[in-house]
Structure formats: structure tokens, C-alpha cells
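Chemist: Please find one structure pasted underneath; my questions will follow.
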Amino acid sequence: MGANSKIEWTTHTFNPWWGCTKISEACKNCYAETWAKRVGQDVWGPKPDRRLMSDNHWKQPLKWNREAEGAGVRPRVFCASMADVYEDRDELIPERERLFDLIEATPNLDWLLLTKRPQNVLKMSRWSTDWPVNIWLGTTVELQKRADELLPFLAKIPAKVRFISAEPLLGPLKIEKWLGSTIDWVITGGESGPKARPASPNWFTDLHNQCMESNVAFHFKQWGDWAPGQGENLAKRRMEIAQDGTQMFRVGKKLAGRSLAGSFHDGLPKARRSG
């Protein structure tokens, strides 16, 4: 995982370390834990050590930064797909400081820090009010109760761009009061993998409508393993009824695609805050 990420909403992926501990409903079928185990890395849960990375690995963003200089584009770097930058562990304190040094040393890159622990951000970051303009800070909100719990913390973080990842979306979200004032960008999508849970199409369309009403960028990443349909020629496929009564079929991520109501939604935040 690195240059030219396969994740639709980013350019590159950078992991300062591997490993985390599950803390929310979205973590149940964690793809990162599955991948780590597949390659023989025991780094999940509170007891195992985290996998730290080599010096050569840390040089990659410096290369991306040099390539971006004068190119007229700003690559986006998702950090960290295999970890949580704001996990509270003593062994990660020097690694996190090294990451902050790297962010400051790469002004041509926009760093997307996505955490499930926004309550830790201000106390674990080196910046108080004057944050680097190349940090986009996001949190995962897969259910309304998570939005109610976590968005007040996100609102207090003076990052130039703030966003949410509602993926996997596990229930309807009503977040109008946060859109535009706290949230500049909404990423959402369904779950993939062998234990994926289907999402109701109405959850996505309603979230899209909320964003459009507030002029907030909306990105629909994927349906995941489940897609809506009428069932023609799908008798051998697994079928479930979504919460809104829609028939959902397990067809696999590739076939399900990422078209919502006949369109692709690849919104990006239009501008950074002034402060």
C-alpha cells in the first residue's frame, strides 16, 4: 500500500505503522486486520506490538512531494489505512511525532488523517490553533450514535478541512446541523468482504441530499458486496431485504460498482478554511 492507491478518494496511501484495536461497530469486519493476518502480522488488539516501518518506507512521501512541486496538482495522502494515528499507546508517541515532522516537510501533499478517536486529536497533536494547511482531519461515523458522540470533537479541531467517512454505513444519518460548519466533505459506501452487511439505498440517497442542500462535497465510494436489484437471473446469489424493503443481492464489490441513482459521485472539498 503506497503510491497510486486503489482507494477512490485518495492518490497515495501511507502507513506510519500497522495495527490497531477495535472500538466501534464499523470495526467488526475490519479489512486491515484481515489483511494483516493474511500476510502473517499479529498486530491487532491491545496486547500485540505494532509493526513499525523502515526508514526507506518513510522516504516515500518525500519523493511524492518532490514530484508534486510545480506540477499544478496536489496529491492526497490517506494516512493510515492499516492503523489509527490517534490510538493511545506509548510506543506510538515517537512515531506520531515523526509523522508530524513528515507532514510539515511535505507542503505539496494534502494529508488525510482519518481516525475513529477524534477525542484524542487535540491532546496528541503538536498544533493547537494554527494547523498546517495540508492536513484534512476526518472521523468515521457509521451510525447516528457515533455521529452524535464524535462530531462535537471533530468540530473543535481547527484543521483546514474536516470530513467524515460514513463507511461502512450501517444506518441512516441525520447530520444537517454539522454540514458546512463542521463537515466539508462526506465519504460514504457499503461494506465489502465475506461478512459484509448490506446497507439500505435510502441511507445513501438521503445523505447525498443532505450534502447537496448544504453545498458539501459528497463521495460515494462503493456499494460493497451488496447491491440493490430485482433478482433477475440471480437465483443462486444470496439475497437479503434492506431496512427500507429493497432487495439486496450479494454480487461482489466489482459487479456492484459505485453508481448511485445512475451517477458517480466523486466530490472533493472545494476550498480550505481561512483559519
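Chemist: Here is a check on your reading of the model: is E91 open to solvent by 10 Å² or more (accessible area, probe 1.4 Å), farther than 21 Å from W44 by Cβ and either assigned to a helix (DSSP H, G or I) or not hydroxyl-bearing (S, T, Y) (or both)?
Modeler: It is false that E91 is open to solvent by 10 Å² or more (accessible area, probe 1.4 Å), farther than 21 Å from W44 by Cβ and either assigned to a helix (DSSP H, G or I) or not hydroxyl-bearing (S, T, Y) (or both).
Chemist: Output the residues belonging to segment 1-34 that are open to solvent by 50 Å² or more (accessible area, probe 1.4 Å), in contact (Cβ under 8 Å) with a residue 40 or more places away in the chain and under 21 Å from M53 (Cα atoms).
Modeler: M1, A3, Y31, T34 - these are the residues of segment 1-34 that are open to solvent by 50 Å² or more (accessible area, probe 1.4 Å), in contact (Cβ under 8 Å) with a residue 40 or more places away in the chain and under 21 Å from M53 (Cα atoms).
Chemist: Having 1 or more residues that are at negative phi and small (G, A, S) is the bar; report the strands (runs of 3 or more DSSP E) wholly within segment 121-215 that clear it.
Modeler: Qualifying strands (runs of 3 or more DSSP E): 135-140, 161-166.
Chemist: Here is a check on your reading of the model: is K37 open to solvent by 40 Å² or more (accessible area, probe 1.4 Å), part of a helix (DSSP H, G or I) and over 16 Å from D84 (Cα atoms)?
Modeler: Judged against the criteria, K37 is a match.
Chemist: Mind listing just one residue for me: the one in segment 246-264 that is part of a loop (DSSP other than H, G, I, E, B) and of a type outside the set (F, W, Y) and, of those, farthest from the chain's Cα centre (by Cα)?
Modeler: T246
Chemist: Follow-up question, since we're still on this one. Looking at segment 73-85, can you tell me whether even one residue there is assigned to a helix (DSSP H, G or I), open to solvent by 30 Å² or more (accessible area, probe 1.4 Å), in contact (Cβ under 8 Å) with a residue 12 or more places away in the chain and out of contact with any helix residue (DSSP H, G or I) (no Cβ under 7 Å at 6 or more places or on another chain)?
Modeler: no
Chemist: Could I ask something else about it? Under the condition of being of a type in the set (A, V, I, L, M, F, W, C) and not in a loop (DSSP other than H, G, I, E, B), which residue from segment 40-52 is nearest to T21 (Cα to Cα)?
Modeler: W44
Chemist: Something else about it: Could you list, in sequence order, all residues of segment 100-114 that are open to solvent by 10 Å² or more (accessible area, probe 1.4 Å) and touching a residue at least 40 places away in the same chain (Cβ under 8 Å)?
Modeler: Passing the criteria: L102, A105, P107, N108, L114.
Chemist: Which of (1) at pLDDT below 80; (2) among the hydrophobic types (A, V, I, L, M, F, W, C); (3) at positive phi does A235 not meet, given it meets every other one?
Modeler: Of (1) at pLDDT below 80; (2) among the hydrophobic types (A, V, I, L, M, F, W, C); (3) at positive phi, only one is false for A235: (3).
Chemist: If we keep just the residues of segment 185-197 that are at pLDDT 95 or above and not small (G, A, S), which is farthest from L170 (Cα to Cα)?
Modeler: W185
Chemist: How many residues, within segment 156-170, are touching a helix residue (DSSP H, G or I) at 6+ places or on another chain (Cβ under 7 Å) and either open to solvent by 10 Å² or more (accessible area, probe 1.4 Å) or free of Cβ contacts under 8 Å to residues at least 40 places away in the same chain (or both)?
Modeler: Residues flagged as touching a helix residue (DSSP H, G or I) at 6+ places or on another chain (Cβ under 7 Å) and either open to solvent by 10 Å² or more (accessible area, probe 1.4 Å) or free of Cβ contacts under 8 Å to residues at least 40 places away in the same chain (or both) within segment 156-170 amount to 6.
Chemist: Can you confirm whether I7 is at pLDDT below 95 and not in a helix (DSSP H, G or I)?
Modeler: Yes, satisfied.
Chemist: Moving on to the next point. Looking only at segment 12-34, count how many residues are part of a loop (DSSP other than H, G, I, E, B) and over 18 Å from Y86 (Cα atoms).
Modeler: The qualifying residues number 2.
Chemist: Take the residues in segment 121-153 that are aromatic (F, W, Y) and open to solvent by less than 50 Å² (accessible area, probe 1.4 Å); name whichever of them is nearest to N29 (Cα to Cα).
Modeler: Among those that are aromatic (F, W, Y) and open to solvent by less than 50 Å² (accessible area, probe 1.4 Å), it is W136.
The values are calculated or read from the model by the stated rules, or taken from the named source; none is laboratory data. Owing to the predicted nature of the structure, the values given are computational and were not obtained by experimental measurement. As a convention, Cβ positions derive from the backbone with ideal geometry for all residues, glycine included, and neighbour counts pool all protein chains shown. SASA here: full protein model, heavy atoms, side chains in, ligands and nucleic acids out. Shrake-Rupley method; radii C 1.70, N 1.55, O 1.52, S 1.80 Å.
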